[in-house]
Structures are given as C-alpha cells and as structure tokens.
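Presented below is the structure to which this report refers.
The values are calculated or read from the model by the stated rules, or taken from the named source; none is laboratory data. Treat the numbers as computed from the prediction; the structure is a model and nothing was measured. Reconstructed Cβ throughout: ideal geometry from the backbone, glycine too, with neighbour counts over all protein chains shown. For the accessible areas, the whole protein counts, side chains as well, though only heavy atoms, and no ligand, DNA or RNA atoms are used. Shrake-Rupley method; radii C 1.70, N 1.55, O 1.52, S 1.80 Å.
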Amino acid sequence: MTQSRSIIRITGEDRIEFLQGLVTNDLSKLDRGLVYAALLTPQGKYLSDFFLFTDPSNSAAILLDTHSDLAPGLLKRLGFYRLRAKVALEETDIAVRRGVSDPPPGALRDPRHADLGWRLYGATGDDDGSDFDAVRVKHCIPEALRELIPDQTFILEAGFERINGVDFKKGCYVGQEVTARMKHKTELRKGFVRVGLSNPVPEGTEVLADGRAAGRVCTVVGKEAIAYLRLDRAKGSLRAGDELVIYPA
C-alpha cells in the first residue's frame with residue numbers, strides 16, 4: 001500500500017541557505033540523492049521528518065517528501081521562518097512509489113537503511129507489495145505519527161543518528177543546541193527499541209515493568225514490535241497487557 005505522502009516544492013535563490021538553517025541534516029548531501037532530515041521545535045522536539053532532493057525536472061528547485069498529515073503544519077512553519085528570504089513554497093501533486101526490488105530508472109535509494117529500498121517520484125501506481133512495516137521493525141526505524149509524535153519525540157531517542165537523519169558537523173539549525181547537548185552531555189534514558197512479544201498486542205499498549213509504567217508498544221508486526229521504553233526500567237518482568245515483552249528482542 002502506498003503511503004499518504006505530500007511533496008512540497010521549494011524554489012528561490014535562497015532555498016539552500018534557508019533550509020540549511022532549519023533542518024537537522026546537511027543540504028550539501030543533495031548531490032548524493034535523497035537526504036533524510038527533520039524540522040524541530042526550538043526546544044529540540046520533533047515536528048516533521050522528510051526526504052529532500054533536487055527536482056529532477058528543475059535543478060533550481062528542491063522537493064520535500066513528507067507525511068500528508070504533517071504537510072499543512074510544515075508548510076505553515078516554513079512560511080513562518082521564511083521572513084525576507086527569497087524562497088517560494090508550494091504543495092504539488094507529485095506521486096511517490098516505493099520498492100525493494102531492483103530500482104527502476106530514476107529511483108532514489110532510501111538513505112535510512114539499505115533494506116528500505118528505493119523511492120520513485122512522478123510515477124503513479126502502488127508500492128511493490130513489500131512489507132515495509134516488517135523492515136522497519138527489524139531495523140527499529142521509526143515512522144511519523146506512529147513512533148515519531150510532533151511536539152513530543154526527541155530525535156536522538158528515535159535513533160536519527162543511526163538512520164542518517166542528523167548531521168552534527170553542519171552547524172546551527174532549529175533545535176540544534178538541545179540535540180547536541182543530548183548527544184554529548186547526557187546518557188539517553190528513553191528510546192525506541194525492538195522487542196519480542198509472547199503474542200501480538202494493539203499498537204499503543206502500555207508497557208509495565210514489575211507493575212510500573214515503562215513505555216508503550218508502537219508498530220507491531222506479528223510477535224515483534226518497536227517499543228518506546230524507559231531504558232532504566234526495562235528490566236525484570238515486562239508486560240504489555242497480558243503479554244510478555246522480551247527486551248532485548
């Protein structure tokens with residue numbers, strides 16, 4: 001099933017400088033293909049994640065691929081930051097397809113993990129039928145509005161460094177100070193991890209550690225899941241409802 005995605009076109013002579021000062025990754029990587037990044041609040045919390053790439057039909061434009069439910073808020077926030085920058089923003093009707101087989105001409109590799117395959121822009125049709133949730137769970141790769149919750153999630157707890165979504169050498173961006181402090185000065189006490197389940201449970205089920213709140217179950221595929229856990233409590237007997245939670249999986 002094809003994801004619900006929206007593609008925003010960003011044009012104008014200041015487009016690179018504008019985005020470089022806002023997002024978590026380095027725009028100099030655009031010449032390599034897709035760049036995975038996020039926009040954060042000034043407090044370092046996730047607002048939206050997306051793929052950035054040069055428009056293949058117009059090298060003077062950047063396309064931004066994000067979850068459709070996040071696109072309106074993202075457009076509004078980008079417009080707020082635009083100020084006097086020579087930048088134009090517009091939502092397009094460009095379609096996106098995904099697959100893990102041999103990539104078709106023009107497809108771009110997903111930079112988060114090789115097993116996530118490719119993304120093809122401008123071609124209609126469904127994805128190739130692959131179980132992308134199973135791939136995400138296997139490699140603990142979070143997804144918008146399932147693991148990644150606006151105004152709540154910290155991207156380092158979500159593994160953004162591991163999935164190539166943040167660059168610590170690029171310089172300032174919105175939320176950079178908090179993100180850098182979390183990397184260099186603190187040990188993460190919470191995070192997303194892959195867990196096993198004695199039986200499947202509904203997404204969102206609370207995880208208890210010896211009766212104390214320890215997190216929640218997110219994406220579930222069979223008897224495995226991505227869970228958000230308080231790592232300092234993820235010891236002893238872990239349960240989600242009536243089911244045993246096995247961590248590490």
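Structure data summary
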item: Some residue of region 166-183 being among the hydroxyl-bearing types (Ser, Thr, Tyr), touching a strand residue (DSSP E or B) at 6+ places or on another chain (Cβ under 8 Å) and within 24 Å of residue 72 (Cα to Cα); result: yes
item: Count - residues of region 49-66 that are farther than 15 Å from residue 151 by Cβ and surrounded by 13 or more Cβ atoms within 10 Å (Cβ to Cβ); result: 12
item: Strands (runs of 3 or more DSSP E) enclosed by region 85-131 - at least 1 residues per element that are open to solvent by 60 Å² or more (accessible area, probe 1.4 Å) and out of contact with any Gly (no Cβ under 8 Å at 6 or more places or on another chain); result: 88-91
item: Residue 101 farther than 30 Å from residue 184 by Cα, touching an Asp or Glu at 6+ places or on another chain (Cβ under 7 Å) and not charged (D, E, K, R); result: yes
item: Region 185-219, residues that are in a strand (DSSP E or B) and open to solvent by 30 Å² or more (accessible area, probe 1.4 Å); result: 190, 194, 206, 208, 212, 213, 216
item: Candidates 161, 177, 143 - the one that is open to solvent by 40 Å² or more (accessible area, probe 1.4 Å), closer than 21 Å to residue 47 by Cα, touching a helix residue (DSSP H, G or I) at 6+ places or on another chain (Cβ under 9 Å) and not small (Gly, Ala, Ser); result: 161
item: Those residues of region 136-163 which are more than 24 Å from residue 73 (Cβ to Cβ) and either in a loop (DSSP other than H, G, I, E, B) or touching a Leu at 6+ places or on another chain (Cβ under 6 Å) (or both), in sequence order; result: 140, 161, 162
item: Residue within region 79-95 that is farther than 24 Å from residue 18 by Cα, touching a residue at least 12 places away in the same chain (Cβ under 8 Å) and of a type outside the set (S, T, N, Q) present; result: yes
item: Hits in region 11-48 (condition: touching a residue at least 60 places away in the same chain (Cβ under 8 Å) and among the acidic types (Asp, Glu)); result: 13, 14, 17, 26
item: Count - residues of region 220-249 that are among the basic types (Lys, Arg), in a loop (DSSP other than H, G, I, E, B) and closer than 24 Å to residue 144 by Cα; result: 1
item: Residue satisfying all of: in region 229-249; open to solvent by less than 50 Å² (accessible area, probe 1.4 Å) and at pLDDT 95 or above; nearest to residue 193 (Cα to Cα) among these; result: 229
item: In region 7-48, residue nearest to residue 95 (Cα to Cα) [restricted to those that are assigned to a strand (DSSP E or B) and open to solvent by 10 Å² or more (accessible area, probe 1.4 Å)]; result: 9
item: Any pair with Cβ under 6 angstrom, 6 or more apart, that starts in region 49-65 at a residue that is part of a loop (DSSP other than H, G, I, E, B) and ends at one that is open to solvent by less than 10 Å² (accessible area, probe 1.4 Å); result: 55/61; 55/63
